[in-house]
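The numbers here are math on the coordinates, done by the rules we state, and not lab data. These figures come from a predicted structure and were not determined experimentally. Positions of Cβ are generated from backbone atoms using ideal geometry, with glycine treated the same way; all protein chains shown enter the neighbour counts.
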Amino acid sequence: MSLSSTHGDARERLLARLLDAFDEGLPSPETSLREIAARTETSHALLRYHFGSLTGVLVAMLRAQRARDNEVLFRDAGQGTFEDLVLAIWRTYTSPERLSRIRGFFHVVGLAAYSPEDFREFVESLDDLTGMLASLAEREGLDAGEALTTATVAVAAIRGLLLQEVLTPGACSEEAVALVLRLSRRE
């Protein structure tokens, strides 16, 4: 076994501990690496070694959580429609146990806006939902370009509504998502 695979295995095990400790959430950006280390029964030096910083911890956790969410959403999307998936995405990310994760997502997105190169993998992963929705829109009869545009607008609207939900809890509802869906219908 090479040193790099040992490092990768140790990082993955530590990431699994982080995910277990925080369940569906994320640590607050005000939380110190020492506090996170105490909660995961490890050392802050180990967290720094494997993730670099608190931001590195947040990015790694978000990517893993989103990949897990997308796996479920992808599986369910095979049996549903574009509208079904939009509603599933909304319901997934507005569940109360995910509120800290959504806040963390917007925190990391804000940091990435200032230095996208430092967050390249995270930024590239943001197109996952768009691709999934575009595939469904194509399956429902749109050409590839129109499907991608429709999916891009739907994801942007969902993220905007999620930001509104973080800033003003309870201000958005499924009626707002229903409006997004009505606007995206091809009539």
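Among Leu99, Leu46, Leu73, the residue with the largest mean-square fluctuation in a Gaussian network model of the chain, with springs joining Cα atoms closer than 10 Å, is Leu46. Summing Lys and Arg as +1 and Asp and Glu as -1 over all other residues whose Cβ lies under 9 Å from the Cβ of Ser125 gives a net charge of -2. Count Lys and Arg as plus one, Asp and Glu as minus one, and take only other residues whose Cβ is under 14 Å from that of Pro116; the net charge is then -4.
In the neighborhood of Leu73, defined by Cβ-to-Cβ distances under 12 Å, what is the net charge if each Lys or Arg adds +1 and each Asp or Glu adds -1?
Details: positive: Arg66, Arg68, Arg75, Arg91; negative: Asp69, Glu71, Asp76, Asp84, Asp128.
Local net charge: -1.
Using θ = phi - 60° in the Karplus curve 6.51 cos²θ - 1.76 cosθ + 1.60, the 3J(HN,Hα) couplings for region 32-49 round to 7, 4, 4, 5, 5, 4, 4, 5, 9, 6, 9, 10, 5, 5, 5, 4, 5, 4 Hz; x is entered for Gly and Pro. Across region 169-180, rounded Karplus estimates of 3J(HN,Hα) from the backbone phi angles (6.51 cos²θ - 1.76 cosθ + 1.60, θ = phi - 60°) give x, x, 6, 9, 8, 5, 5, 5, 5, 4, 5, 4 Hz, Gly and Pro being marked x. Sequence-ordered 3J(HN,Hα) estimates for region 81-96 from the Karplus curve with 6.51, -1.76 and 1.60 and θ = phi - 60° stand at 10, 3, 4, 4, 5, 4, 5, 5, 4, 4, 5, 4, 8, 9, 5, x Hz, glycine and proline given as x. Dipole size of the chain about its Cα centre, with +1 on Lys/Arg Cβ and -1 on Asp/Glu Cβ: approximately 500 debye, rounded to the nearest 20.
The residue among Ala151, Leu162, Leu58 whose Cα reaches farthest toward the positive pole of the charge dipole of region 3-184, with charges on the beta-carbon of Lys, Arg, Asp and Glu, is Leu58.
If I take every Cα pair under 8 Å that is 6 or more residues apart in the chain, average their sequence separation and divide by the length, what percent do I get for the relative contact order? All intermediate terms of the calculation are to be shown ahead of the outcome.
On the way: 140 pairs, mean separation 37.4, N = 187.
Relative contact order for the chain comes out at 20 percent.
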